[in-house]
1. Just to be sure, is ASP45 at pLDDT 75 or above and within 27 Å of ALA13 (Cβ to Cβ)?
2. Any idea which residue in the range 1-42 is modelled with the highest pLDDT, counting only those that are assigned to a loop (DSSP other than H, G, I, E, B) and in contact with a helix residue (DSSP H, G or I) (Cβ under 8 Å, 6 or more places away or on another chain)?
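The values are calculated or read from the model by the stated rules, or taken from the named source; none is laboratory data. For clarity, every value in this text was computed on a predicted model and none was experimentally measured. Because the Cβ atoms are built from the backbone with ideal geometry, glycine has one as well, and the counts that use them run over all protein chains shown.
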Amino acid sequence: MQLVIDIQDTHLADKIIKILEVFKNDGLKIQKQNVQTKEKIEYSDVYIEKNWREMIMLSNSDANYYKSKQYDEDRGNYLIEKYQ
């Protein structure tokens, strides 16, 4: 049996996961997933400055991407748009 719970608040999700961990010895498996929407979300600089820690924790980091030419191009385009 599978139970899916959609929790928007990450702090609440962490608390619930700690509670559920009590049942791990009984065979409960906990899988945390971040579901990304297909919509492009644009964040303001103010939002990023206030929430950067949470955004980093929720992001899926790909070391190969950050070493690639595509990252350099994407970063360059971002900076060009930001400082125009």
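1. When the stated conditions are applied, ASP45 passes them.
2. The selected residue is LEU28.
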